[in-house]
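**Q** One structure, pasted below without further comment.
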Amino acid sequence: PPPPSPHTRASLEGGRARTAHQRFAMTATMGSLPTMGTRNSLSGSQRPPVTAIEAQDIPEVDYGKLLGLFHGVHSAQLSDRHAAAIARVCRVHARGFPIRDLPMLQQVIRFAYDRVAEGLGEAFEGALCEVMSTMAKPFVKHSCTDEFKSLTVIADVLAVVAQSLVMPGMPPRVQIAASEMLHAFASAHGNRPSMLDLDLDPFGVHSGGGGGGGSLGASLGGLGSAPPPPSPRAFFTNQKLMQRSRCMETCVSGLGAAVASGDAALQLAIARVLLEASYYDENAQQIADVGVFAHFAPLLRDDFRSPLVFTVSELMWNVLEASPSARAIPDAAMGAFCPAFADAVALALRCGHRIADKEVRNEMLITARLLAEDAGSRAGLRAAGLMETAMAIAVHPEMGPPPADGVMKPFAMTTAPQDFEMKRLAWLLVAELASDDEGIAAARGFAGCLLAFLAPLTGGANPSSGAVAAGGDASVTRWSRSQLRDLQELALRLLMRLAPLCAGDMAMLGACEAAVAVMHVASPADDGLRAAAISLAIQLAALEGFVGRLGGAGAVEAALGAFEGGHGGSSGGGFAGGFASSGRSGGGGGGGG
């Protein structure tokens with residue numbers, strides 16, 4: 001075109017001068033102008049200043065040219081260039097992928113998957129590892145609403161990443177990187193709240209619903225205040241997206257493939273993903289529904305000190321607690337799982353002398369008790385020998401020293417908090433395994449051990465030699481005052497549960513006399529123990545032939561003494577109220593006694 005005339009050029013320069021003058025005037029009166037970004041919207045106009053400022057440091061990638069390189073007529077076979085281009089995209093977005101780029105990134109990842117399926121896994125291994133490592137970083141937002149506008153897109157990306165765990169020919173290094181990405185996302189990139197903060201679920205899945213909370217120091221915000229805990233919203237948002245993506249099914253299938261291949265590193269990586277997701281009840285339910293217990297048997301055969309066994313133990317606990325239906329082990333998995341699990345418990349008891357080992361052992365006892373609530377699983381665990389292990393913990397050393405070649409070792413018979421917890425968990429497990437006729441026969445001697453713990457309260461009122469600790473009084477009184485009191489109340493509660501199943505043993509061991517002695521006004525028991533003893537007496541009175549025994553032992557006099565308030569407890573009114581409540585719940589059995 002012809003050059004502008006001198007008149008036109010002077011007009012343009014004057015316009016620019018006037019514009020500069022106006023900008024100077026605005027700066028002097030209103031402050032500096034906001035810096036405008038260089039990114040343009042789809043319509044070609046500049047974005048609002050705030051959005052542009054937030055996005056000004058986010059690099060751009062021309063995905064149209066990248067896909068053209070993948071599918072071009074002359075470049076479709078250049079696999080090395082394709083892998084190098086994917087790796088370069090990851091280096092450009094070293095701080096994390098923008099959320100708005102995720103739809104195009106899905107096409108890039110699927111293209112790499114297709115090349116792996118064609119046998120080019122080695123060429124794309126490094127590029128896919130870089131993609132998964134960059135995905136493991138928090139997604140970058142152009143604006144604060146990007147995440148909430150793209151929830152479906154993020155869920156789709158999670159499903160695409162998880163698909164690598166079940167793809168034939170996928171290099172294990174890529175699968176491990178994909179597992180690490182899913183683990184980082186499920187934990188909100190290391191910001192999973194504590195178990196106490198799970199009640200703050202803003203979506204209302206956990207008990208307590210939404211709400212806020214924190215330490216007193218954090219709320220005061222003064223000198224020396226504790227740092228505020230991470231907000232649970234990010235964690236629950238990510239967990240909901242994991243649930244929406246249905247990637248738990250893929251992860252469980254990937255775990256089965258890793259077990260079949262024997263890749264221990266991949267097994268641990270996938271197990272960590274499942275464990276992190278299982279802290280959310282809905283995901284734990286999904287994990288249970290797809291039959292994760294079918295893959296646990298080979299994992300439990302590993303050294304119980306390995307991180308894999310620790311991860312699997314906690315995963316089982318989370319799944320069983322969130323999904324009661326999972327406690328019924330499928331018949332197909334019963335034959336392999338129960339022996340492996342029982343052997344793992346026995347090995348942890350026999351060789352676990354460190355604090356970390358004892359914590360894993362106790363977690364397994366909790367898992368065993370949850371499994372034993374199902375009749376089929378209970379029978380399978382008994383057949384695998386778990387009852388013998390639980391009984392060894394429950395009755396030794398109170399009923400005599402354990403066998404030298406047994407599972408109980410001296411380092412497990414201390415009064416440390418972990419071993420005290422082990423004793424309680426073993427009692428609860430034995431009571432659960434003895435919930436039927438076959439189980440109560442295998443638990444012979446357990447009731448006598450429970451009654452032995454009541455000896456300090458009865459003052460020798462129980463003449464039965466079966467209820468006297470073969471290990472001597474020191475084996476019972478070795479516990480601290482608070483520990484012994486806790487075990488005594490638990491013993492009374494468990495005796496009440498076992499009484500209908502072994503009435504003959506209860507009569508022979510003197511359970512009636514022991515219950516009345518604890519109830520008596522002269523007993524050193526507190527109100528809680530007396531209430532538990534009255535509940536046991538009510539349960540015994542409902543059994544055939546026990547009314548006369550209770551009456552002869554002085555149950556009526558001991559019960560009437562509760563209303564006089566002359567016992568050694570801290571609150572006579574509280575004990576009388578507890579007795580009246582127990583009498584109402586006991587029905588006619590208490591009146592007959």
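**Q** Quickly work out the Glu118-to-Phe563 label distance, labels modelled 7 Å from Cα along the C-beta direction, and quote it in nm with one decimal.
**A** The answer from the label model is 9.1 nm.
**Q** Right, something else. Give the peptides 294-300, 539-545, 413-419 in descending order of average Cβ contacts within 10 Å, highest first.
**A** In decreasing order of mean packing, 294-300, 539-545, 413-419 become 294-300, 539-545, 413-419.
**Q** If you don't mind, there's one more thing I want to ask. Give me the 1.4 Å probe accessible area per residue for the stretch 347-396, excluding ligands and nucleic acids, in Å².
**A** Result: 31 Å² of accessible area for each residue.
**Q** Okay, next question. Take every Cα-Cα pair in the stretch 87-204 and report what % of them are more than 22 Å apart.
**A** Above the 22 Å cut-off, the stretch 87-204 has 36 percent of its Cα pairs.
**Q** What's the extension gain from Ala76 to Asp405 if we count 0.36 nm per residue and subtract their Cα-Cα distance?
**A** Fully extending the segment from Ala76 to Asp405 adds 111.6 nm.
**Q** Taking a probe of 1.4 angstrom, what is the accessible area of Lys65 in Å², to the nearest 10?
**A** 150
**Q** Now for a separate question. Would you please put 263-272, 506-515 in order of how densely packed they are, using the mean number of other Cβ atoms within 10 angstrom per residue and starting with the highest?
**A** Result, highest mean first: 506-515, 263-272.
**Q** Using Stokes-Einstein with the Kirkwood hydrodynamic radius over Cα pairs, what translational diffusion coefficient do you get for the stretch 315-441 at 10 °C and a viscosity of 1.306 mPa s, in µm²/s rounded to a whole number?
**A** The Stokes-Einstein estimate is 108 µm²/s.
**Q** Run a plain Debye calculation on the stretch 386-449 (Cα atoms as equal point scatterers, no solvent) and give log10 I(q)/I(0) at q = 0.15, 0.18, 0.21, 0.25 Å⁻¹, rounded to two decimals, same order as the q list.
**A** -0.43, -0.61, -0.82, -1.10
**Q** Right, something else. Any lysines with Cα under 26 Å of the Lys137 Cα? List them, leaving off those in the same chain fewer than 8 positions away.
**A** Lys65, Lys149, Lys240
**Q** Take the Cα atoms of the stretch 314-389, build their convex hull, and give its volume per residue in Å³.
**A** Hull volume over Cα atoms, normalised by residue count, gives 75 Å³.
**Q** Still on this structure, please answer the following. Loop-only chymotrypsin sites (Phe, Trp or Tyr not before Pro) in the stretch 55-117, please: DSSP not H, G, I, E or B, and at most 11 other Cβ atoms within 10 Å.
**A** none
**Q** Let me ask another. Could you state the accessible area per residue of the stretch 478-564 in Å², with a 1.4 Å probe and every protein chain left in place?
**A** Dividing the accessible area of the stretch 478-564 by its residue count gives 40 Å².
**Q** Amide H to amide H under 5 Å from Val140: which residues, 5+ apart in sequence or cross-chain, H placed 1.01 Å off N in plane?
**A** Phe97, Ile99
The values are calculated or read from the model by the stated rules, or taken from the named source; none is laboratory data. All figures in this text were calculated on a predicted structure; none of them were measured in a lab. Heads up, the Cβs are rebuilt from the backbone with ideal geometry, glycines too, and the neighbour counts pull from every protein chain shown. All accessible areas refer to the heavy atoms of the entire protein, side chains included, with ligands and DNA or RNA removed. Shrake-Rupley method; radii C 1.70, N 1.55, O 1.52, S 1.80 Å.
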